[in-house]
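K.L.:
This is the structure I want to talk about, given as structure tokens.
The values are calculated or read from the model by the stated rules, or taken from the named source; none is laboratory data. The structure displayed is predicted, hence computed values, not measured ones. Positions of Cβ are generated from backbone atoms using ideal geometry, with glycine treated the same way; all protein chains shown enter the neighbour counts. Accessible surface is based on the protein model in full, side chains and every heavy atom, while ligands, DNA and RNA are left aside. Shrake-Rupley method; radii C 1.70, N 1.55, O 1.52, S 1.80 Å.
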Amino acid sequence: MPAVCRKARLEDVEPLYQMIQGYAEKGIMLPRSRAVLEKQIGEFVVAEAEGKVIGCGSLCQLGNDLVEIRSLGISEGYKGQGIGSMLVDSLLEEAKRREIPKVMALTYEVSFFMKNGFAVVEKEIFPEKVWTDCIHCKKQHACDEIAVLKVLN
Ligand SMILES: CC(C)(COP(=O)(O)OP(=O)(O)OC[C@H]1O[C@@H](n2cnc3c(N)ncnc32)[C@H](O)[C@@H]1OP(=O)(O)O)[C@@H](O)C(=O)NCCC(=O)NCCS
């Protein structure tokens, strides 16, 4: 059965928590508590296949013209099938709908984002607000993630 992408609902909190926690333990994502997920559920999209949540992604507004893609991940066994790109497309659509022209991400998956039309940029071009989440990151003083940006037209 093909995967479908949809807005997240409150019943997705537990699978979202488990998925993000799995990546957080590997140092790929920042953890999100169930309470935070519940509060921010409106910012999440999920990919669903065979009745299960197998992917997720979210938007975090950082300013009038800038939004960040966060918590983007696909379960093992479902990677490399275009599902991550489908989630990115849907987050880009949402940014467009909100009339926010710049979409950025901090990532290790540079080729994936480049295939989706993002360009690598210097982290320093982003305002301080981008870094407020970093206080929760173990690597805060040794951030090795790459900043990528897509400007919507
Ligand atoms: C990064 C991730 C979301 C990509 O999702 P995906 O569903 O596997 O990606 P897609 O199938 O949509 O890939 C789209 C394109 O990017 C390429 N791509 C995907 N992952 C790649 C990688 N790690 N390195 C190089 N290219 C990659 C694919 O080959 C594909 O290219 P094609 O269109 O020429 O075939 C997924 O691998 C993942 O969950 N990674 C771990 C979590 C993570 O690092 N998230 C990013 C946090 S910002």
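K.L.:
Using beta carbons and a limit of 8 Å, which pairs, at least six apart or on different chains, have the first residue in region 3-18 and without any contact (Cβ under 8 Å) to a residue 60 or more places away in the chain and the second one of a type in the set (D, E, K, R) and open to solvent by less than 80 Å² (accessible area, probe 1.4 Å)?
P.N.:
VAL4/GLU48; ARG6/GLU48; LEU16/ARG32; TYR17/ARG32
K.L.:
Also, I was wondering about something else. Which is closer than 17 Å to HIS136 by Cα, in contact with an Asp or Glu (Cβ under 8 Å, 6 or more places away or on another chain) and open to solvent by 30 Å² or more (accessible area, probe 1.4 Å), of LEU10, LEU30, LEU62?
P.N.:
LEU30 is the lone residue from the list that is closer than 17 Å to HIS136 by Cα, in contact with an Asp or Glu (Cβ under 8 Å, 6 or more places away or on another chain) and open to solvent by 30 Å² or more (accessible area, probe 1.4 Å).
K.L.:
Pick from GLU38, GLU93, GLU99, GLU48: which is assigned to a strand (DSSP E or B), more than 13 Å from the ligand (Cβ to nearest atom), modelled with pLDDT of 95 or more and open to solvent by 30 Å² or more (accessible area, probe 1.4 Å)?
P.N.:
GLU48
Residues are listed down the side, and each one gets a yes or a no for (1) in a loop (DSSP other than H, G, I, E, B); (2) at pLDDT below 90; (3) in contact with a Gly (Cβ under 8 Å, 6 or more places away or on another chain):
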{"site": "VAL103", "(1), (2), (3)": "no, no, no"}
{"site": "PHE113", "(1), (2), (3)": "no, no, no"}
{"site": "GLY117", "(1), (2), (3)": "yes, no, no"}
{"site": "LYS129", "(1), (2), (3)": "no, yes, yes"}
{"site": "THR132", "(1), (2), (3)": "no, yes, no"}
{"site": "ILE135", "(1), (2), (3)": "no, yes, no"}
{"site": "HIS141", "(1), (2), (3)": "no, yes, no"}
{"site": "LEU149", "(1), (2), (3)": "no, no, no"}
{"site": "ASN153", "(1), (2), (3)": "yes, yes, no"}
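K.L.:
Now for a separate question. If you take the residues of region 126-152 that are open to solvent by 100 Å² or more (accessible area, probe 1.4 Å) and without any contact (Cβ under 8 Å) to a residue 24 or more places away in the chain, which of them is nearest to LEU91 (Cα to Cα)?
P.N.:
Among those that are open to solvent by 100 Å² or more (accessible area, probe 1.4 Å) and without any contact (Cβ under 8 Å) to a residue 24 or more places away in the chain, it is GLU128.
K.L.:
Oh, and also: Those residues that are more than 10 Å from the ligand (Cβ to nearest atom) and farther than 18 Å from GLU93 by Cβ, I need them from region 51-61; list them, please.
P.N.:
Hits for region 51-61 are GLY51, LYS52, VAL53.
K.L.:
Please go through (1) at pLDDT below 95; (2) away from the ligand (no atom under 12 Å from the Cβ) for GLU145 and return the number of the only condition it doesn't satisfy.
P.N.:
Of everything listed in (1) at pLDDT below 95; (2) away from the ligand (no atom under 12 Å from the Cβ), GLU145 misses just condition (2).
K.L.:
With MET86, MET114 as the choices, which residue is within 17 Å of the chain's Cα centre (by Cα), open to solvent by 60 Å² or more (accessible area, probe 1.4 Å), within 13 Å of the ligand (Cβ to nearest atom) and touching a residue at least 60 places away in the same chain (Cβ under 8 Å)? Steps first, please.
P.N.:
Details: MET114 fails: touching a residue at least 60 places away in the same chain (Cβ under 8 Å).
That would be MET86, the only listed residue that is within 17 Å of the chain's Cα centre (by Cα), open to solvent by 60 Å² or more (accessible area, probe 1.4 Å), within 13 Å of the ligand (Cβ to nearest atom) and touching a residue at least 60 places away in the same chain (Cβ under 8 Å).
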